[in-house]
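Visitor: Handing you a structure now.
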Amino acid sequence: MKNLSNYIGGKLVSSAAGGWLEDFEPATGQAYARIPDSHKTDIDNAVAAAQHAFPGWSATPAAERGKWLHKLAALVERDLENLARAESLDSGKPIALARSLDIPRAVANLRFFAAAASQFASESHAMESGAINYTLRSPLGVVGCISPWNLPLYLFTWKIAPALAAGNCVVAKPSEITPMTAFLFSELCIEAGLPAGVLNVVHGLGPKAGTALVEHADVKAISFTGGTNTGTDIASRAAPKFKKLSLELGGKNPTIVFADCDFEPSVSESVRAAFSNQGEICLCGSRILVERSLYTRFRDAFVARVQALRQGDPLDGRTEQGALVSEPHLQKVLGYIELAKKEGGTILCGGRRAQLDGRCANGWFMEPTVIENLPPGCRTNQEEIFGPVVTLIPFDTEEQAIGYANGTPYGLAASLWSENTSRCHRVAAKLEAGLIWVNCWMLRDLRVPMGGVKQSGSGREGGWEALRFFTEARNVCIKYA
Ligand code: NDP
């Protein structure tokens, strides 16, 4: 059993109290590593190390900070295969997805913000009365980055890269459920020679280590991605201390298919949007709204594609559906199947725990599931399931589709499918979502603002938005006339 360490002040260390938590492999259901069960003391040590490093790091020219990020990106790229295997083992995701999405995106995050560091500029505003304003943007100091289990290294780097690029020092708390690649990344930081304390990684439980980080008086901002309930808890603790907060939370995203869509890509991309990473992506489209005249044809083609998805050992390069991340999560998703049945839903395919052979016999697998005949307002269609479960809902008019799409407490993402350009613009403008894809899904440009409305969060990540979040703006007004 491998013991992982915290990374504090440039060194790999155990938790101060010496406790451990088990790390499981979802495909087998077996514990295979241990992580430090960190407490407030470990967070205090990490914040102290970050504070110590801050004067030097914030004074380092942006282009130099960028070079450090480029160096880390090169090491992640060198270790792509090793990191993809580790991510797949730790989270249950297909290794093909880790190879093609998670790890390359971690590299891209580091490179993007390495370049952005030297391109970031601030505004100036001239006044007709004879004065000029300019904006100074300085790093905040020590910031906290808390990331979830579904895209572990991808979302970890999505937060730490802009924070470091902007000149902050970071204490990061990855999900205790998928700690492995953040640990391997801390080893790469040591190999790169990153100055001690610039980045610190503390493993452990959210309510213990996470809360200590959120409440620490010297942590100036919290960038959090995770569930809406956790986001509420974090906001209630951080707001009274006037910390900057970026909250990327849950979703219940609609995929809207109009009868005038290009049929083939709309079916295949709707399947990808629904079942990528077993539906464990915040951007997955889990409510598929289909115009009634196309409904039967779309449903039959969609279900046939879902039934053809190859489920198997996540470490097999041909696998398309891996394991769910944990036993409690699997039970939660299965609980929603029972709820859907009680609510009158018809299961078109899936609906059960999947039983695999060999080394995966005790793994946490679930059949990809499609349900119909549920009203838009029922709990199954309102609550985030975050698993391989989607519902199909027919609609009659554009207005009804928009009403259904907007009719949940969430507002993270939406995708819509139509060959009518006017309709695409009209509907996109009315959707209550932070990200709207037209005739595509999860086509990501790292420069665009990323985040949700309503209970899907507040604040935006990506591009300049991230660098603005991780800096404090101060206005200087000079009168010259
Ligand atoms: P959680 O909210 O359970 O956890 C996210 C992170 O917060 C973990 O590191 C967790 O640690 C930590 N945490 C838990 N409780 C606290 C606390 N009280 N104080 C501080 N930190 C805490 O989310 P999941 O990991 O279950 O991730 C799934 C959720 O993330 C889904 O709802 C999904 O929609 C959302 N998500 C949103 C995205 C977006 O961009 N909007 C992107 C990806 C996911 P630990 O694991 O130890 O509990």
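The values are calculated or read from the model by the stated rules, or taken from the named source; none is laboratory data. The model shown is predicted, which means the values in this text are computed figures rather than measured ones. Backbone-built Cβ (ideal geometry, glycine too); neighbour counts: all protein chains shown. Note: accessible area is taken over every heavy atom of the protein model, side chains too, but ligands, DNA and RNA are not part of it. Shrake-Rupley method; radii C 1.70, N 1.55, O 1.52, S 1.80 Å.
Visitor: Using a 1.4 Å probe on the protein heavy atoms, what percent of the accessible area of the chain belongs to carbon and sulfur? It would help to have the intermediate numbers written out before the result.
Guide: Numbers: 9750 of 18220 Å².
With neighbouring chains kept in place, the figure for the chain is 54 percent.
Visitor: Further, regarding this structure: Give the angle, between 0 and 90 degrees and rounded to the nearest 10, that separates the Cα long axis of helix 263-275 from the longest principal axis of the Cα atoms of the chain.
Guide: So the helix axis and the longest Cα principal axis differ by about 60 degrees.
Visitor: If you average the C-alpha positions of the stretch 98-141 and of the stretch 9-68 separately, how far apart do those two centres end up, in angstrom?
Guide: 25
Visitor: Sticking with this one: Over 32 Å between C-alpha atoms is what I'm after, so list which of Lys220/Lys332; Lys159/Lys252; Lys11/Lys252; Lys67/Lys252 land there. If you can, show how the numbers build up before the last one.
Guide: Numbers: Lys220/Lys332 35 Å; Lys159/Lys252 23 Å; Lys11/Lys252 41 Å; Lys67/Lys252 39 Å.
From the list (Lys220/Lys332; Lys159/Lys252; Lys11/Lys252; Lys67/Lys252), the Cα-Cα distance tops 32 Å for Lys220/Lys332; Lys11/Lys252; Lys67/Lys252.
Visitor: I would also like to ask the following. Could you work out the local net charge near Lys430, counting Lys and Arg as +1, Asp and Glu as -1, over the other residues with Cβ closer than 10 Å to its Cβ?
Guide: Working: positive: Arg426; negative: Glu398, Glu399, Glu432.
Neighbour charge sum, excluding Lys430 itself: -2.
Visitor: Might you work out the accessible area of Cys284 for me, using a 1.4 Å probe with all protein chains in place, and round it to the nearest 10 Å²?
Guide: 10
Visitor: Would you kindly find the accessible area of Ile190, with a 1.4 Å probe and non-protein molecules such as ligands, DNA and RNA excluded, rounding to the nearest 10 Å²?
Guide: So the heavy atoms of Ile190 present about 70 Å² to solvent.
Visitor: Given the whole protein assembly as supplied and a 1.4 Å probe, what does the accessible area of Ser458 come to in Å², nearest 10?
Guide: Here the accessible area works out near 60 Å².
Visitor: For the stretch 249-303, compute Rh as the Kirkwood radius over C-alpha pairs and then the Stokes-Einstein diffusion coefficient at 10 °C and 1.306 mPa s; write the answer in µm²/s, rounded to an integer.
Guide: Values: Rh = 11.5 Å.
In µm²/s, the coefficient is 139.
Visitor: Let me ask something else about it. Over the Cα atoms of the stretch 60-206, what radius of gyration and what Dmax do you get, in Å?
Guide: Rg and Dmax of the stretch 60-206, Cα atoms, are 17.3, 64 Å.
Visitor: Let me ask something else about it. Ignoring chymotrypsin sites (Phe, Trp or Tyr not before Pro) that are buried or in helix or strand per DSSP, and keeping those with at most 15 other beta carbon atoms within 10 Å, what is the longest stretch of the chain between them?
Guide: Counting only loop sites that pass the neighbour cut-off, the longest clear stretch is 1-241.
Visitor: Given R₀ = 22 Å, FRET efficiency for Leu136-Asp445 by Cβ-Cβ distance, to 0.05?
Guide: The calculated FRET efficiency here is 0.20.
Visitor: Rank Leu97, Thr28, Gln51 by how far each Cα sits towards the positive end of the charge dipole of the stretch 1-109 (+1 on Lys, Arg Cβ; -1 on Asp, Glu Cβ) and give me just the farthest.
Guide: Highest projection toward the positive end goes to Gln51.
Visitor: Taking the stretch 373-481, which GluC sites (Glu not before Pro) meet the DSSP loop condition and have no more than 14 other C-beta atoms within 10 Å?
Guide: Values: sites: Glu383, Glu384, Glu398, Glu399, Glu419, Glu432, Glu461, Glu465, Glu472; in loops: Glu383, Glu384, Glu419, Glu432.
Taking the stretch 373-481 and a limit of 14 other Cβ atoms within 10 Å, the loop GluC sites (Glu not before Pro) found are Glu419.
Visitor: Here's a follow-up. Per residue, how much accessible area does the stretch 253-445 have with a 1.4 Å probe, in Å²?
Guide: Working: 7390 Å² over 193 residues.
Per-residue value: 38 Å².
Visitor: Treating only the Cβ atoms of Lys and Arg (+1) and Asp and Glu (-1) as charged, compute the dipole magnitude of the stretch 253-445 about its Cα centre; round to the nearest 20 debye. Please report the intermediate quantities before stating the final value.
Guide: Numbers: 19 positive and 24 negative charges, 57 e Å.
My answer is approximately 280 debye.
Visitor: For the stretch 322-421, which trypsin sites (Lys or Arg not before Pro) are in a loop by DSSP, counting at most 15 other Cβ atoms within 10 Å?
Guide: Working: sites: Lys332, Lys341, Lys342, Arg352, Arg353, Arg359, Arg379; in loops: Arg352.
Sparse-neighbourhood loop trypsin sites (Lys or Arg not before Pro): Arg352.
Visitor: In what order, largest first, do Met1, Met442 sit by accessible area if the probe radius is 1.4 Å?
Guide: Details: Met1 135, Met442 30 Å².
Listed by decreasing accessible area, they come as Met1, Met442.
Visitor: Same structure again: Over all distinct Cα pairs, what is the inverse of the mean 1/r for the stretch 253-445, reported as the Kirkwood hydrodynamic radius in Å?
Guide: On the way: mean 1/r = 0.0597 Å⁻¹.
After inverting the mean inverse Cα-Cα distance, the result is 16.8 Å.
Visitor: Of Cys378, Leu356, Val389, which is farthest on the positive side of the dipole of the stretch 253-445, counting Cα position, with +1 on Lys and Arg Cβ, -1 on Asp and Glu Cβ, and the Cα centre as origin?
Guide: So the residue furthest toward the plus end is Leu356.
Visitor: What net charge do the residues around Gly56 carry, taking every other residue with its C-beta under 14 Å from that of Gly56, with Lys and Arg at +1 and Asp and Glu at -1?
Guide: Numbers: positive: Arg65; negative: Glu64.
After counting each charged neighbour, the total is 0.
Visitor: I would also like to ask the following. Excluding Ala239 itself, what net charge comes from residues whose Cβ is under 12 Å from its Cβ, given Lys and Arg +1 and Asp and Glu -1? Write out the running numbers ahead of the final one.
Guide: Numbers: positive: Arg237, Lys241, Lys243, Lys244; negative: Glu215, Asp233.
Summing Lys and Arg as +1 and Asp and Glu as -1 gives +2.
Visitor: Let me ask another. Grab the eigenvalues of the alpha-carbon gyration tensor for the stretch 1-125, scale each by 5, take roots, and send me the semi-axes largest first in whole angstrom. Don't skip to the answer; put the middle values down first.
Guide: On the way: eigenvalues 189, 114, 25 Å².
Square roots of five times the eigenvalues give 31, 24, 11 Å.
Visitor: Another one. For the chain, what does the equivalent ellipsoid look like in terms of its semi-axes, each the square root of 5 times an eigenvalue of the Cα gyration tensor, given largest first in whole Å? Can you show the working numbers first?
Guide: Working: eigenvalues 283, 172, 71 Å².
The answer is 38, 29, 19 Å, longest axis first.
Visitor: State the answer as a single residue: which of Leu75, Asn109, Thr135 lies farthest towards the positive end of the charge dipole of the stretch 73-162, with beta carbon charges of +1 for Lys and Arg and -1 for Asp and Glu, about the Cα centre.
Guide: It is Leu75, whose Cα lies furthest towards the positive end.
Visitor: If you place +1 on the Cβ of every Lys and Arg, -1 on the Cβ of every Asp and Glu, and leave all else neutral, what size is the dipole of the chain about its Cα centre, to the nearest 20 Debye? Write down the numbers at each step before the final one.
Guide: Details: 48 positive and 49 negative charges, 167 e Å.
Around 800 debye, computed over the chain.
Visitor: Follow-up. Among DSSP beta bridges lying fully in the chain, give the percent that are antiparallel, nearest 5.
Guide: Antiparallel bridges: around 40 percent, rounded to the nearest 5.
Visitor: In the calculated pair distance distribution of the stretch 363-402, what percentage of Cα-Cα distances lie above 11 Å? Let's see the in-between values first.
Guide: Values: 555 of 780 pairs.
Of the Cα pairs, 71 percent sit more than 11 Å apart.
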